[in-house]
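The values are calculated or read from the model by the stated rules, or taken from the named source; none is laboratory data. None of these values were measured; they are calculated from a predicted model. Neighbour counts are summed over all protein chains in view; Cβ atoms, including those assigned to glycine, are modelled from backbone coordinates with ideal geometry.
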Amino acid sequence: MIFVDSKEASKNKKILEMLTNVLGQQVGIKNLDVGDYLLDGAEGVAMIERKTVTDLLSSLKPDESGRGRIWSQLDKLSEMDSFEKILIIEGWLGAIRKMTGWNEASVYRAVESIQRSYEVAVIHTPDWRGTGAYIITKYKSLSEKTEPRDIRLRVSSASMTPEQQALYVVEGLPRVGPSLAKALLKTYGSVKNVFDSLASKPVDLLRDDVAKSLGRKPPEIVIKNAKELIVKEVKFEQ
């Protein structure tokens, strides 16, 4: 099922019509607390935030909190557990140069920061048709059942330095990206200490510890998920 946020549906009727024409009753309208499109497939769930280039620039402007609106939206998005997070930027980014006084390089850096800090996939589409086509294709991929098989989930390199190998191991924790992995290792000194600390320390204390190296508190749900994985007993079916 694809749920379209009610405000998004009223503003962008063409996308809603496109989705409905292709997917019929698999499309519904709902008040979403976070995001514009919720893709709930049989094999996975994805939350999509859609922004035109104009929307993106507007949301990057500091508000009364001193931050752009997009950052608070991403904070909320990061709290959504077990969801794939996607930001669609609709339109030509070259318009920044032609139609505004913005420093386009700063916008590119902001997009890079979104990808790195929030682990959000950023998809660029040319227009509403491209957005609709992507949402339909993405939803179908989440609804396709794949045959279970044993595969190697990650590929490492023997040429990695010890530091790179340590980062590689810690980044294997759920939703832990390069910045947070490095901050965890800086805070606790070794892979063993990272895992021991995650297993034994309270979530709030872990967030306070890591904030000193990361520059901000990591999302509570990320630390909580990592902690739960470390202490969870794992059983494999025969």
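List of remarks:
- On inspection, residue 25 passes the criterion of being over 27 Å from residue 176 (Cα atoms) and assigned to a helix (DSSP H, G or I).
- If you filter the stretch 72-104 down to residues that are over 9 Å from the mean Cα position of the chain (by Cα), assigned to a helix (DSSP H, G or I) and not aliphatic (A, V, I, L, M), you find that the one that is farthest from residue 45 (Cα to Cα) is 98.
- Inter-residue pairs, beta-carbon under 6 Å, first more than 15 Å from residue 93 (Cβ to Cβ) and in the stretch 55-68, second among the polar types (S, T, N, Q) and in a helix (DSSP H, G or I), 6+ apart: 68/59
- Of the criteria (1) touching a Leu at 6+ places or on another chain (Cβ under 6 Å); (2) in contact (Cβ under 8 Å) with a residue 60 or more places away in the chain, which one residue 14 fails: (1)
- Single condition residue 153 does not satisfy, out of (1) farther than 20 Å from residue 225 by Cβ; (2) of a type in the set (A, V, I, L, M, F, W, C); (3) at pLDDT below 90; (4) surrounded by fewer than 17 Cβ atoms within 10 Å (Cβ to Cβ): (1)
- Yes/no for residue 39 being assigned to a helix (DSSP H, G or I), not assigned by TED's automatic domain parsing to the domain that holds residue 224 and not small (Gly, Ala, Ser): no
- Single residue of the stretch 109-150 satisfying the filter (of a type in the set (Lys, Arg) and within 20 Å of residue 3 (Cα to Cα)) that is modelled with the lowest pLDDT: 140
- Every condition in (1) modelled with pLDDT of 95 or more; (2) touching a Lys or Arg at 6+ places or on another chain (Cβ under 7 Å); (3) not hydrophobic (A, V, I, L, M, F, W, C) holds for residue 172 except the one numbered (1).
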